[in-house]
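What follows draws every value from the coordinates through simple rules; no lab data is involved. Just so we're clear, the structure is a prediction, and the values are computed from it rather than from any experiment. Positions of Cβ are generated from backbone atoms using ideal geometry, with glycine treated the same way; all protein chains shown enter the neighbour counts.
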Amino acid sequence: MGKNEQSRDLAHIGHIEIFTPKLNESVHFFKEILGMEEVGQKNRSIYLRAWNDYELYSLVLTESEQAGLGCLAMRTQSEEALNRRVGKIEASGYGQGWVDGDLGYGKSYRFTDPDGHPMKIYFETKKYEAPDHLKPSLKNQPQKRSSRGVAVKQLDHINLLTSHINPTSTFMCEVLGIRMSEQIMLDSGEQGGAWHHMSNKAYEIAFTKDNMGAKGRLHHIALNVEDRESVLRAADIFLDNDVFIEFSPSKHAIQQTFATYVYEPGGNRVEIITGGYFINDPDREPITWTEADRAKGQAWGNKTVPTFHTYGTPVIAGELASKS
Ligand SMILES: [Fe+2]
């Protein structure tokens, strides 16, 4: 298989577990301000879904001393695809082994990427069946639209802060078989960012360089809404609810999404997003952005906020977020 050939063994991100030191406040944020539904509780974990997620849930909030990534769980196309990828992961040396499933999904295989981000892949899953009060009118929609707060539609992607992107990006391409769609190439020859995709959506997993030099941190999770007006409305809702807005609504140059970024009460960065593009070209070359390109700022010329390159979770002692 070529370096950037897509195996299509991985289907999409199924769910993301994030840690929070303020579980009750984080649950309030995702349920009442973002409009997600709670579908389960276990120990100190709360399971949440957005209204268009077809699986039982897409987000797990787990109480922990520090914020950060618990695990990134990706669904494969089939049992055969799962076993094929496990073989590749085991051969890479980053495998950790099979584990039993949890609420809503079957056996899964745990591993990390070369930077230490916890990940797993699985195939068996539980398709969501809405209770009577959440049944939609249309049979091609899993749940009635949320009418609370931002009313996020679906889990969109994850961005992982990474100490050295080259080995992690190569792992994604060669071991997981997912393609790179865009990258930042620093003048030094090192990647400053890499955006990867498994479906035709142009990215689901992004890696950006951690200028604090730490390994395995979370940059943000992203949930999508249907249009730009919904992103603007989200910003107003955040303003009214004293949610720290790190990046006001604007258009990214990379991936051309329209988004705003906030910190949830546990400290994890959350993006509300719409737009972007799909990739049909099977031998498309990745788009490469240089340092000179990036110096021009985002799509409309506004500068990237400096904390994008330093703030992540877990928060590093002494690190100052601009909200302080
Ligand atoms: Fe993002």
Counting pairs of alpha carbon atoms under 8 Å apart in space and at least six apart in sequence, what relative contact order in percent does region 82-152 give?
19 percent
Looking at the chain, send over the antiparallel percent of its DSSP beta bridges, to the nearest 5.
70 percent
Charge context of Asn52, other residues only, Cβ under 10 angstrom, K/R +1, D/E -1:
+1
Residues Asp210, Asp227 in order from fewest to most other beta-carbon atoms within 10 Å are Asp227, Asp210
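Taking Cα pairs under 8 Å and at least six residues apart, what relative contact order does the chain come out at, in percent?
On the way: 785 pairs, mean separation 59.4, N = 324.
Normalised by residue count, the contact order of the chain is 18 percent.
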Taking Ser26, Ser78 and counting other C-beta atoms within 10 Å, the order from fewest to most
Ser78, Ser26
Among DSSP beta bridges whose residues both lie in region 1-85, state the antiparallel percentage, nearest 5.
75 percent
Using only Cα atoms, locate the centre of region 238-283 and the centre of region 11-31, then give the distance between them in Å, rounded to an integer.
16 Å
Most exposed first, judged by fewest Cβ atoms within 10 angstrom, Val225, Val99, Val305 run Val99, Val305, Val225
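Which entries of Lys120/Lys153; Lys120/Lys215; Lys120/Lys296; Lys22/Lys201 have Cα-Cα distances beyond 29 Å here?
Lys120/Lys296; Lys22/Lys201
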